[in-house]
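The values are calculated or read from the model by the stated rules, or taken from the named source; none is laboratory data. Small disclaimer: the values here were computed from a predicted structure and weren't measured. Here the Cβ positions follow ideal geometry from the backbone for every residue, glycine too, while neighbour counts run over all protein chains shown.
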Amino acid sequence: MQASTKKEQFSGCLIGQCLGDALGFVVEGYPPSTCQKYVKDTLRSGSTGIVGRGPFPFGQYTDDSQLARELIQSYVACERFDPQDYAGRIAAIFAEGRIVGRGRATDIAARRLIRKVSWEEAGTPPPSAGNGSAMRAAPIGLFFFDEPQQLIRAAYDQGRITHQDRRCSAGAIAIAGAVALTLRGKPIQTMPFLSQLGVWAGTIEESVASAIRQLAEWVALPPNRAVNFISRVGLAPGYADEWQGISPFVTPSVLWSLYSFLKTPNNYWETICTAIAVGGDVDTTAAMAGAISGAYLGHEAIPSKLAHRLTDQKTWCFDDLVRLAHRCYEIKVRN
């Protein structure tokens, strides 16, 4: 391992994801105008934490982070990445009704897993290309940040448990790869960062790699202009997207998460605000952006009062998550 990598970066990745997810969950699916107002009047005014969503109090995180947490639990239990064990955990959390905000493709795959379909065959086939495999991929970057080939293989395998479209696997590689690069102890430089992610994602799907490379042009734009390009990447001409803002389609949601981080790599809070203000599938974009930012900055850079309110239906709260992430770090150090 790199000597500069710290266990607080491992916990920062998980806490950063869960808090971004919880903050975005409040306005998930809402249009840009509502999300912009939420960022201005709630997140930036200091009123964060007053409201949750539906029956859930503030701090509840969703399937994005539940499944990322299950991935770390699998790694800790097996002391390696084991796709069969992880698939069993996905099946269990769905079968027990513990999942919050389930995605359609992941739900379909989980039902197949529950029926004992092999993890290699359970994934929803193309053209279904949602962000369900990318949203939970950040921990792969923790496990294999110094082993690029293993990172690519593991991100691909964990993704195809639920999504067989290669765009989904490439998106998962991009998110895991972004976490890996933040752990290397070097300042973030946009062009080399995106170039490396493009190389890794391109081993699976060139269309996603090309979009990642193109993102270098859009990072210089303000969010209200960048979203006009990023939200349409990979969509067929004339396609009528029912989502306002960033949809759950894997390519734009991964790109927006990377954009949000690269705009303010040294400021977790601003990264989350950027991820959410655009509208759409903002629990997922904020979860992915938050995982990358938290891995880069460590959990000390994440607002402590809000982080301590994290919960998954009164379980897996802040201290539990930190302990799990630190246990992952210890196993990585030992191996």
Exercise for the section: Would you mind stating whether ARG53 is of a type in the set (Lys, Arg), in contact with an Asp or Glu (Cβ under 6 Å, 6 or more places away or on another chain), more than 30 Å from VAL333 (Cα to Cα) and surrounded by 15 or more Cβ atoms within 10 Å (Cβ to Cβ)? Expected result: no
Exercise for the section: Could you check ARG98 against (1) surrounded by fewer than 16 Cβ atoms within 10 Å (Cβ to Cβ); (2) at positive phi; (3) in contact (Cβ under 8 Å) with a residue 24 or more places away in the chain and say which number it fails? Expected result: (2)
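Taking region 184-200, which residues are modelled with pLDDT of 95 or more, over 16 Å from SER260 (Cα atoms) and within 20 Å of the chain's Cα centre (by Cα)? Steps first, answer last, please.
So the first thing to find is which residues in region 184-200 are modelled with pLDDT of 95 or more, and the list is 188-200.
Still in the running and over 16 Å from SER260 (Cα atoms): 192, 195-196, 198-200.
Across region 184-200, the qualifying residues are SER195, GLN196, GLY198, VAL199, TRP200.
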Handout entry: SER45 being under 26 Å from CYS317 (Cα atoms), free of Cβ contacts under 8 Å to residues at least 60 places away in the same chain, loosely packed, with under 15 Cβ neighbours inside 10 Å and not aliphatic (A, V, I, L, M)
Key = yes
Handout entry: SER33 vs. criteria at negative phi and touching a residue at least 60 places away in the same chain (Cβ under 8 Å)
Key = yes
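Looking only at residues in region 31-59 that are of a type in the set (Ser, Thr, Tyr) and not in a loop (DSSP other than H, G, I, E, B), which one is nearest to PRO303 (Cα to Cα)?
If we filter region 31-59 for residues that are of a type in the set (Ser, Thr, Tyr), which is where we start, we get 33-34, 38, 42, 45, 47-48.
From what's left, not in a loop (DSSP other than H, G, I, E, B): 33-34, 38, 42.
Details: SER33: 25, THR34: 23, TYR38: 18, THR42: 14 Å.
By that ranking, first place goes to THR42.
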Completion exercise
Counting only helices (runs of 4 or more DSSP H) entirely within region 112-189, those with at least 3 residues that are in contact with a His (Cβ under 6 Å, 6 or more places away or on another chain) and crowded, with 21+ Cβ neighbours inside 10 Å are none
Problem - First in region 124-135 and among the polar types (S, T, N, Q), second anywhere and surrounded by fewer than 24 Cβ atoms within 10 Å (Cβ to Cβ) and assigned to a loop (DSSP other than H, G, I, E, B), Cβ under 9 Å, 6 or more apart - result: THR124/GLN164; THR124/ASP165; SER128/GLN164; SER128/ASP165; ASN131/SER247; ASN131/PRO248; SER133/ASP165
